[in-house]
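Only one structure is covered here, and it is reproduced in the block below.
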Amino acid sequence: METYIELAYLFSAVLFILGLKKLGSAKTARTGNNYSIVAMALAIVISLVSAGIIGPTQIIVGLLAGSLIGFVMAKRVEMTSMPQLVALFNGFGGIASTLVAYAELIKMQNAGTSPALDISITIMLSILIGTVTFTGSLIAFAKLQGILKGAPIVLPAHQALNLLLMLGIVAGSVLYIFNPPLVVWPLVVLLISAVFGITFVIPIGGADMPVVIALLNSYSGLAASATGFVLGNNVLIIAGALVGASGIILTNLMCVAMNRSVLNVLFGAVGTSDGDGSSDAPGGEQRNVTRYTGEDAAMIMDTINSVIIVPGYGLAVAQAQHILHEMTTILESRGVQVKYAIHPVAGRMPGHMNVLLAEANVPYDKLYEMDEINDEFQNTDLALIVGANDVVNPAARTKKDSPLYGMPILNVDYARTVMFVKRSLGAGFAGEANPLFFDEKTMMVFGDAKKVITDLVKGLKEG
Amino acid sequence: MESLILSIYVFVLAVFIGFELITKVPPLLHTPLMSGSNAISGITIVGALYVANISNWELPTLLGIFSVTFAMINVVGGFLVTDRMLGMFKKDKGGK
């Protein structure tokens, strides 16, 4: 019996791996997700069967309650709120790992057995990682949801406090590991970890949340892995490790795209609440910009053969994706070639902009990554930038003292004409003025993205 | 200790597989990747079922039930929202 159960768990682990492999292409991704669902269902059924029973009623209640809550949350969520939802789910995964480890610990205490060294170490790891993931994710959720302000919240002597908390965690863990019967130390570690999760995330600005979510994603995987070590269950170890690796890769990608180090993001307390450029233009420069309206923009659109659209989060805030898609449909019916250029940090989590555009029925083969499309701007009539700024700021290439310097950007300035749809002349999140606003070939169309593009569509239909 | 070493082997090899697989996922799919892998981390459900599987109302069992509930939210919600997103990704019908 035991062997069959182990083999079935192995099959489940293999399915998880195949599922992730199929996620490598848009064509097979949905099948891949289904593989993972089957793998998970299998793991759950084996667990129930291996206990020799279908399980006491309280288990069924837990399963049903969790399924129902998860179902409702997943069905109701708006695509713009996806980062919050993922943060919340991360947190739930984390707390589940903590609870399992703590319950296991009390069981051993009640049975009067003293755990072996490896078990007590992994129990402490599981509690630590799970709890930090839980409270950290709740803070990330609150920041993204606007319950907490997005700006960094820095307490006096914040880093010293974090250091102190870490020392407390280590001390508590050591005290338990070398004196296992004392079940109070794990509780102390749990509480300190909970505080640490909070103080770890509150000093991180709202615009850096993509990195935090990716990192917490990784932690929730590691927490599951640690629980696998405690229970000696390989499917937990493997699945957790896969998620851990995934989160780390995404964390790294986001940092590279923002031109920052992970340490700078986590401990730098950089930035204001968000990066969509509501601040005033710095430096008091009184240079002229060419202002246009939606109708003017429509006239330009009548003359072009190709356009590359650069969407930023401002587009999603204005809920202008759908009207933008309507605009591109009109343009395409007139033979204009339309492509979208997606910067890695467009949106509030890795890949977020692609989902927002897919929701607005934009076919995914029109969405191009930065490296794929950067050479095409020079042969393009118009670069249309909607609600983005820093990711197209040429200062990143040349201005050595700029915080943007070295950041990979989209080469919109190589296009024949550049058009910004933007609320104001403000600098972006990085506080760096964009010289492209004042360029002769640039048209600035100020206003809410949805209103401007609606006017533009009206103009196109009349023209 | 021997079983610990074996577990570490499994963990390290799985991390390498994870790196290999995830680096091949295009940025287009990074959000579904995140929510999907997030659901996979709900595998803790296996541990939760294990600790909750006793017919009494003592503390470990209660913790186990809460754990089952939280993990199940993570699993069902995560997979469902991933499927919802992936269902929105469509290729251009014109096929140009």
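Being within 8 Å of chain B (Cβ to nearest Cβ) and buried (at least 24 other Cβ atoms within 10 Å of the Cβ) is true of A:G66. Under the condition of being more than 21 Å from A:D371 (Cβ to Cβ), within 29 Å of the chain's Cα centre (by Cα) and at pLDDT 90 or above, the residues counted in region A:390-445 number 3. The set of residues in region A:14-44 that are modelled with pLDDT of 95 or more, open to solvent by 70 Å² or more (accessible area, probe 1.4 Å), more than 25 Å from B:T69 (Cα to Cα) and more than 7 Å from chain B (Cβ to nearest Cβ) contains only A:L18. Do we find that B:I54 is among the aliphatic types (A, V, I, L, M) and assigned to a helix (DSSP H, G or I) in this structure? When the stated conditions are applied, B:I54 does not pass them.
For every residue, the table says whether it meets (1) part of a helix (DSSP H, G or I); (2) away from every other protein chain (no Cβ under 14 Å).
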position: A:V362; (1), (2): no, no
position: A:Y368; (1), (2): no, no
position: A:E372; (1), (2): yes, no
position: A:D375; (1), (2): yes, yes
position: A:Q378; (1), (2): yes, yes
position: A:I385; (1), (2): no, yes
position: A:A388; (1), (2): no, yes
position: A:V391; (1), (2): yes, no
position: A:A396; (1), (2): yes, yes
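Scanning region A:80-105 for residues that are open to solvent by 20 Å² or more (accessible area, probe 1.4 Å) and at the interface with chain B (Cβ under 9 Å from one of its Cβ atoms) yields A:L88, A:F92, A:I95, A:L99, A:Y102, A:E104. Here A:K451 fulfils each of the conditions (1) modelled with pLDDT of 90 or more; (2) farther than 13 Å from A:G314 by Cβ apart from (2). Do the conditions hold for B:P60, that is, is it farther than 22 Å from A:G351 by Cβ and at the interface with chain A (Cβ under 7 Å from one of its Cβ atoms)? The answer is yes for B:P60.
For region B:77-93, indicate whether the set of residues that are among the aromatic types (F, W, Y), open to solvent by less than 40 Å² (accessible area, probe 1.4 Å) and either assigned to a helix (DSSP H, G or I) or touching a Cys at 6+ places or on another chain (Cβ under 8 Å) (or both) is non-empty. Yes, because at least one residue in region B:77-93 is among the aromatic types (F, W, Y), open to solvent by less than 40 Å² (accessible area, probe 1.4 Å) and either assigned to a helix (DSSP H, G or I) or touching a Cys at 6+ places or on another chain (Cβ under 8 Å) (or both). Of the residues making up region A:45-60, those that are within 7 Å of chain B (Cβ to nearest Cβ) and assigned to a helix (DSSP H, G or I) are A:S47, A:L48, A:Q58, A:I59.
Just a yes or no: is a residue in region B:30-38 crowded, with 24+ Cβ neighbours inside 10 Å, over 30 Å from A:E369 (Cβ atoms) and modelled with pLDDT of 95 or more? Among the residues of region B:30-38, not one is crowded, with 24+ Cβ neighbours inside 10 Å, over 30 Å from A:E369 (Cβ atoms) and modelled with pLDDT of 95 or more, which makes the answer no. Restricting attention to region B:8-33, the residues being part of a helix (DSSP H, G or I), of a type in the set (S, T, Y) and facing chain A (nearest Cβ under 7 Å) number 1. Take the conditions (1) under 17 Å from A:V336 (Cβ atoms); (2) touching a residue at least 40 places away in the same chain (Cβ under 8 Å); A:D365 misses just one of them, which is (2).
Pairing residues of region A:322-348 that are open to solvent by 40 Å² or more (accessible area, probe 1.4 Å) with residues that are among the β-branched types (V, I, T), at Cβ distances under 7 Å and at least 6 apart in sequence or on separate chains, gives A:H325/A:V362; A:E326/A:V457; A:E332/A:V338.
Cβ-Cβ distances below 8 Å connect the following pairs, each with a first residue in region A:58-76 that is free of Cβ contacts under 8 Å to residues at least 12 places away in the same chain, a second residue that is basic (K, R) and part of a helix (DSSP H, G or I), and a separation of six or more residues or different chains: A:A74/B:R84; A:K75/B:R84. Quick test for you: out of B:T23, B:T69, B:T82, pick the one residue that is more than 21 Å from A:G66 (Cβ to Cβ) and β-branched (V, I, T). None of the others qualify; the one that does is B:T23.
Filtering A:G244, A:G228, A:G240 for residues that are assigned to a helix (DSSP H, G or I), in contact (Cβ under 8 Å) with a residue 24 or more places away in the chain and either in contact with a helix residue (DSSP H, G or I) (Cβ under 6 Å, 6 or more places away or on another chain) or surrounded by 24 or more Cβ atoms within 10 Å (Cβ to Cβ) (or both) leaves a single hit, A:G244.
The values are calculated or read from the model by the stated rules, or taken from the named source; none is laboratory data. Not measured: the values here are computed from a predicted model. Every residue, glycine as well, gets a Cβ built from its backbone with ideal geometry; the counts of neighbours run over all protein chains shown. The accessibility values were calculated without ligands, DNA or RNA, using every heavy atom of the protein model including side chains. Shrake-Rupley method; radii C 1.70, N 1.55, O 1.52, S 1.80 Å.
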